[in-house]
1. Between Tyr373 and Glu159, what FRET efficiency follows from the Cβ-Cβ distance if R0 is 56 Å, with the result rounded to 0.05?
2. Roughly how big is segment 202-304's charge dipole about its Cα centre, with Cβ charges of +1 (Lys, Arg) and -1 (Asp, Glu), in debye to the nearest 20?
3. Compare the Cα positions of Leu322, Trp411, Cys379 along the charge dipole of segment 271-424 (+1 at Cβ of Lys, Arg; -1 at Cβ of Asp, Glu; about the Cα centre) and return the one farthest towards the positive end.
4. With every protein chain left in place, what is the accessible area per residue of segment 114-219 in square angstrom, probe 1.4 Å?
5. Could you pull out every residue, at least 5 positions away or on a different chain, whose amide H is within less than 5 Å of the one on Val263? Hs are placed 1.01 Å off N in the peptide plane, and Pro or chain starts have none.
6. Please give me, ordered by residue number, the GluC sites (Glu not before Pro) of segment 61-151 that lie in loop per DSSP and have at most 12 other Cβ atoms within 10 Å.
7. Amide H of Val370: which non-local residues (sequence gap of 5 or more, or other chain) have their own amide H closer than 5 Å, using H built in the peptide plane?
8. Using the crude model of +1 on Lys and Arg Cβ and -1 on Asp and Glu Cβ, and no other charge, please compute the dipole size for the chain relative to its Cα centre, in debye to 20.
Amino acid sequence: MRLSAVVGLNWGDEGKGRMVDLLTEDCDAVVRYQGGGNAGHTVENELGKFALHLLPSGVFRPGVLNVLGPGVALDCQSLLEEMEELRRGGVCITPENLLISERAALLLPWHRQEDALEEARLGAHKYGSTVQGIAPFYGDKYRKKVLRAGDLRFPERLEEELESLLEWKGLGLRGLYGAAAPTAAELRAWLRDYAEPLLPYLGDTGGALGELAASGGRILFEAQLGALRDIDCGIFPYTTSSHTLASYAFTGAGMAPGRLDEVVGVAKAYSTCVGEGPFVCEWRGPEAERLREEGAEYGARTGRPRRVGPMDLVATRCGARLQGATHLALTKLDVLGCMDRVPLCTAYTLRGAETRDFPYPALLDEAEPVTEYMEGWRCDVSGARRWTELPEAARRYVRRVEEEVGVPLGWLSVGPRREQYIRL
Ligand code: GDP
């Protein structure tokens, strides 16, 4: 496959990082095209276990070009920290294998500050933000009140922009929250310490990727979060502030539109959700605790316990449709080996009727899950590498999921490590 995307079908944390790490073997470039350092893609390979936040998951493969497109929230400070951490782990990151769009806007220190201030102001009605500044960043970007990475190359212009931006931001912070903006000297020092070191990595990502695609290169687009968190099509307002859908890949990479040969829709064999908002299939109590422990469901970025429940086929069908998934990658099947019977949320009951369609977000609070149980397999499948090595009950469960989601299964992940998967 030449152009492919790995995207989430649910609320995020589906195991996309693990799938990208696996699929980068045949790739020339891996591109992050949206979102920022709020991602928490976990990758385990021969170098160790890493949580990637902004860097594409291709950094572990020699010869792969890793790209941050203009659609990302360029959080320089956390990117530099991440680069250092990976280097300490033996990963090589140079301008040879990392290209950052000169058009990417900078997530500035006040974006985190505003995120935290707004969550505090909302109190019980907060969005459950990861407080990485993503919503204030995208708000400012679309109001054209940001600096872009390439501006660093034009110091005189940058100085003018900086003054006007500081004045505007100061008014906003004082008026809305009674808070102070950084001084010009503080912002200059921040840019010097965290943004300028990235200058050698800047370039025209659209040009580089366009040339690569034209010469038959294989490009993998890596999304952050999942379909239900898309700003336009997700469970607004409990979404992120960017486009998590495969359809945004070309724009967010700075490329002309093209056709994706393959869209790998990643879903977990059960459901998890971080933060606030409706989560119809949610379990509470001891069975939720057990599933959370078995699946180690704690946020890679925040350490927050994830909400858990049975696989939600209503939401996953919707995610697969929004993503245009051509293949399904089902992860964490091994975790369900702890259950006597395996649950599936097949439909919702809404206002007295059963529905298989994902409703308008405002109705989700009224929806109740319809749960079916299938026979469990009660054993460890993490060593299986072939379909025929799985117990019959596990195969029945997987086939049922595939049928209900309506997308052919391409990969089945049975453990976090690179080799723990079954190709179908
Ligand atoms: P992402 O943001 O979609 O990449 O997902 P995360 O990295 O936040 O969450 C997935 C977690 O599950 C990570 O800790 C992975 O190492 C782990 N993981 C991925 N696939 C499997 C699997 O098949 N089995 C198990 N047990 N863990 C997995």
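1. 0.30
2. 80 debye
3. Positive-most Cα among the choices belongs to Trp411.
4. Accessible area per residue, segment 114-219: 55 Å².
5. So Val263 has HN proximity to Ala5, Thr326, His327.
6. Glu96
7. Residues meeting the amide H criterion: Thr346, Ala347, Tyr348, Thr349.
8. I would put it at about 340 debye.
The values are calculated or read from the model by the stated rules, or taken from the named source; none is laboratory data. Just so we're clear, the structure is a prediction, and the values are computed from it rather than from any experiment. When we count neighbours, we look across all protein chains shown, and the Cβ atoms used for this are built from the backbone with ideal geometry, even at glycine. Quick note on the areas: whole protein, heavy atoms, side chains included, nothing else; ligands and nucleic acids left out. Shrake-Rupley method; radii C 1.70, N 1.55, O 1.52, S 1.80 Å.
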